[in-house]
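The structure appears right after this line, and notes come after that.
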Amino acid sequence: MNGHAVATIYKREMQRFRRTIVQSLVAPVISTSLYFVVFGAAIGSRIDQVEGVSYGAYIVPGLIMLTVMMQGTTNSAIAIYFPKYMGAIYEMLAAPVNFFEVTLGLVGAAMTKALIIGTIILGTSFFFVEISILHPFAMVGFLLLTCLSFALLGFIIGIWANSFEQLNLVPQLILTPLIFLGGSFYSASMLPPFWQGLIHLNPVFYLISGFRWSFFGQSDVAVGTSLFAIAIFTAVCLGVIAWIFRTGWRLRA
């Protein structure tokens, strides 16, 4: 593996992150803090506890997942879209690097950005609610896997998109509703039977459920099921990216 090429791609993307620190870091933290104020204070004052956990603390894993999924997807999509849009992707394709090295550099940077933001959101939550993490190693594992899988998804979106409108289409019109309907702010047990069955068709639901288990030791589905779901999702994304680079779809047009 060409480690120098991977490091170069990774450092370039991290430099872009530092140049746009307000947009990339400060804005998500402020937005999440508003969620704490609105949902934690306003709604939390009317909902005492959810499954034995205060509502303000219960929504913390969902808020972290909301931010990490969106940031991982968006950062990765932009990282591959702009080189394609500007024509710089051809230099990358002509260089002595394979698809795995290109993906590792770009996705690794997007994953790092999402992880940094998710960690800051976690730290910010301690200013609003009292929270403890029962399984810290599992929490880190779920966080890393989520950053990786959604950075891979964003990479695919960035290659697929032919315009800025398409670049924002999936995150705004598909991913955001899936996250909000995936149990970010509530437990599946709070829903009527029909909606409980419907929510199990949402893949994001399993990720949020597993991540919440690492905090409170309870989840809507088995932890093994959550791990299996995220493993399948990651494998599918890797397979799609390998196919894209092998065929040149939307890259060599």
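All of the numbers you see were taken from the coordinates with simple rules; none came from a lab. The structure presented is a predicted model; accordingly, all values stated were derived computationally and were not measured. Here the Cβ positions follow ideal geometry from the backbone for every residue, glycine too, while neighbour counts run over all protein chains shown.
What number, rounded to the nearest 500 deg cm²/dmol, is the helix-based mean residue ellipticity at 222 nm of the chain, given -39500 (n - 2.57) per DSSP H run of at least four residues and division by all its residues? Let's see the in-between values first.
Values: 12 runs with 173 residues, N = 253.
Computed ellipticity for the chain at 222 nm equals -22000 deg cm²/dmol.
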(message) Connecting C-alpha atoms closer than 10 Å in a GNM of the chain, tell me which of F155, F100, F233 has the biggest fluctuation.
(response) F100
(message) To test your reading of the geometry: what angle, between 0 and 90 degrees and rounded to tens, separates the Cα axis of helix 3-19 from the longest principal axis of the chain?
(response) 60 degrees
(message) How large is the convex hull of the C-alpha atoms of the chain per residue, in Å³?
(response) 129 Å³
(message) Using each residue's phi in the range 223-235, evaluate 6.51 cos²θ - 1.76 cosθ + 1.60 at θ = phi - 60° and report the 3J(HN,Hα) Karplus result to the nearest Hz, with x for Gly and Pro.
(response) 4, x, 5, 4, 5, 5, 5, 6, 5, 4, 4, 5, 5
(request) Using only Cα atoms, locate the centre of the range 46-68 and the centre of the range 119-161, then give the distance between them in Å, rounded to an integer. (result) 15 Å
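How long is the gain from V38 to N162 if the chain were fully straight, where each residue apart is worth 0.36 nm and the alpha carbon distance is subtracted? Mind showing how you got there, number by number?
Values: separation 124, 0.36 × 124 = 44.64 nm, distance 3.65 nm.
Full-extension gain reported as 41.0 nm.
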(message) Quick check: pseudo-label points 7 Å beyond the Cα along Cα→Cβ at F82 and S132, how many nm apart are they?
(response) 4.4 nm
(request) Could you go through the range 134-140 in sequence order and give the Karplus-derived ³J(HN,Hα) for each residue, using 6.51 cos²θ - 1.76 cosθ + 1.60 with θ = phi - 60°, rounded to whole Hz, and x for Gly and Pro? (result) 6, 10, x, 5, 5, 4, 5
(message) Can you compute the charge dipole magnitude of the range 3-247 about its Cα centre, using +1 on each Lys and Arg Cβ and -1 on each Asp and Glu Cβ, nothing else charged? Give it in debye, rounded to the nearest 20.
(response) 540 debye
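Regarding the range 1-118, what's the average projected area of the Cα-atom convex hull, expressed in nm²? If you can, show how the numbers build up before the last one.
Working: hull surface 35.2 nm².
If you wrap the Cα atoms of the range 1-118 in a convex hull and average its projections, you get 8.8 nm².
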(request) Please report K11, K113 as a ranked list, fewest other C-beta atoms within 10 angstrom at the top and most at the bottom. (result) K11, K113
(request) Mind giving me the nanometre distance, one decimal, between the label points for R19 and S54, set 7 Å out from Cα along Cα→Cβ? (result) 4.3 nm
(request) Take the Cβ-Cβ distance between R12 and A235 as r, set R0 to 41 Å, and report the resulting FRET efficiency rounded to the nearest 0.05. (result) 0.90
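With a sphere of radius 15 Å drawn around the Cβ of V129, what net charge do the other residues whose Cβ falls strictly inside it have (Lys, Arg +1; Asp, Glu -1)? Let's see the in-between values first.
Working: positive: R212; negative: D48, E130.
That works out to -1.
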(request) Quick one: net charge around S219, please, counting Lys, Arg +1 and Asp, Glu -1 for every other residue with C-beta under 11 Å from its C-beta. (result) -1
